[in-house]
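Here the structure is laid out as structure tokens; the discussion comes afterwards.
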Amino acid sequence: AQTVTQSQPEMSVQEAETVTLSCTYDTSESDYYLFWYKQPPSRQMILVIRQEAYKQQNATENRFSVNFQKAAKSFSLKISDSQLGDAAMYFCAYRSRGYGGATNKLIFGTGTLLAVQP
Amino acid sequence: DVKVTQSSRYLVKRTGEKVFLECVQDMDHENMFWYRQDPGLGLRLIYFSYDVKMKEKGDIPEGYSVSREKKERFSLILESASTNQTSMYLCASSFGGFRTHEQYFGPGTRLTVT
């Protein structure tokens, strides 16, 4: 079974600085998807960024980028130029690439609570 | 924009009550999911459905059941609520097959069982 581990329960960053959130996972599959989701306080969870395992290039979405190390099974999220609105719980998630059934489900880490200091 | 709505943001129920949590999505998604979110445990899948009237157990189905009579609606049922079911419940939906992999989440229902 696949597992996702986020070893940093809480992190803090100064506004305008850069922060990296860690995520490791365990799987025997060779093809899969990895995600970072953001859950702001009392607001809906939204997708931040997605990485397909067969793509070697790291995904980037504006100030958000990932460092995907497939051999090390590591998938960290870097937030550049941190803003107050980045304060949230961040979840790393894994999904198999297969079709249908249990492959549709996401496996989540335990989350990292990010505080942004003004 | 995809919209996933849940019937209540906050709910307080007594032990032994039957509880219904409703989720509706407006994007014609095949897949719908119910997760439970607890501090330090992340999100854990309770049940999911990949088609009308179809359902599969997730990782923690005990004490829960689900119903999907229409494509846009997925209900989570607590047959006899217990205090250990006090939690945040999140509904999500996504397209099926290979079309997409993103799940869209509702705002959550914070359930307290006293």
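The values are calculated or read from the model by the stated rules, or taken from the named source; none is laboratory data. If you're wondering where the values come from, they're calculated on a predicted model, not measured in any experiment. Cβ sites come from the backbone with ideal geometry, for glycine too, and all protein chains shown count toward neighbours.
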*Positions within the range A:1-57 being more than 13 Å from chain B (Cβ to nearest Cβ) and part of a strand (DSSP E or B), in sequence order*: A:MET11, A:SER12, A:VAL13, A:GLN14, A:VAL19, A:THR20, A:LEU21, A:THR24, A:ASP26
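I need the strands (runs of 3 or more DSSP E) fully contained in the range B:23-114, keeping only those with at least 1 residues that are more than 22 Å from A:THR112 (Cα to Cα) and among the basic types (Lys, Arg).
Numbers: elements: B:31-38, B:42-51, B:54-57, B:65-70, B:73-78, B:87-94, B:109-113.
Counting at least 1 such residues, we get B:54-57, B:65-70, B:73-78.
Restricting to the range A:86-118, and then to whatever is in a loop (DSSP other than H, G, I, E, B) and away from chain B (no Cβ under 11 Å), can you tell me which residue is modelled with the highest pLDDT? Even if it seems obvious, please write down each step before you answer.
We begin by selecting, within the range A:86-118, every residue in a loop (DSSP other than H, G, I, E, B); these are A:87, A:97-100, A:105-106, A:109-111, A:118.
Next, only the ones that are away from chain B (no Cβ under 11 Å) stay: A:87, A:118.
Details: A:ALA87: 97, A:PRO118: 94.
Filtering first and then ranking leaves A:ALA87.
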*A:GLU61 versus (1) away from chain B (no Cβ under 14 Å); (2) surrounded by fewer than 16 Cβ atoms within 10 Å (Cβ to Cβ); (3) of a type outside the set (Gly, Ala, Ser): which is the lone unmet condition?*
(1)
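Restricting attention to the range A:78-85, does a residue exist that is more than 11 Å from chain B (Cβ to nearest Cβ), without any contact (Cβ under 8 Å) to a residue 60 or more places away in the chain, in a strand (DSSP E or B) and out of contact with any helix residue (DSSP H, G or I) (no Cβ under 9 Å at 6 or more places or on another chain)?
So the first thing to find is which residues in the range A:78-85 are more than 11 Å from chain B (Cβ to nearest Cβ), and the list is A:78-85.
Imposing the further condition that a residue be without any contact (Cβ under 8 Å) to a residue 60 or more places away in the chain reduces the set to A:85.
Next, from what is left, pick out any that are in a strand (DSSP E or B): none.
The answer is no, given that none of the residues of the range A:78-85 is more than 11 Å from chain B (Cβ to nearest Cβ), without any contact (Cβ under 8 Å) to a residue 60 or more places away in the chain, in a strand (DSSP E or B) and out of contact with any helix residue (DSSP H, G or I) (no Cβ under 9 Å at 6 or more places or on another chain).
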*List every residue pair whose Cβ atoms sit under 9 Å apart, with the two residues 6 or more apart in sequence or on different chains, where the first one lies in the range B:101-112 and is facing chain A (nearest Cβ under 10 Å) and on the phi > 0 side of the Ramachandran plot and the second, anywhere, is surrounded by fewer than 19 Cβ atoms within 10 Å (Cβ to Cβ) and aliphatic (A, V, I, L, M).*
B:GLY108/B:MET88
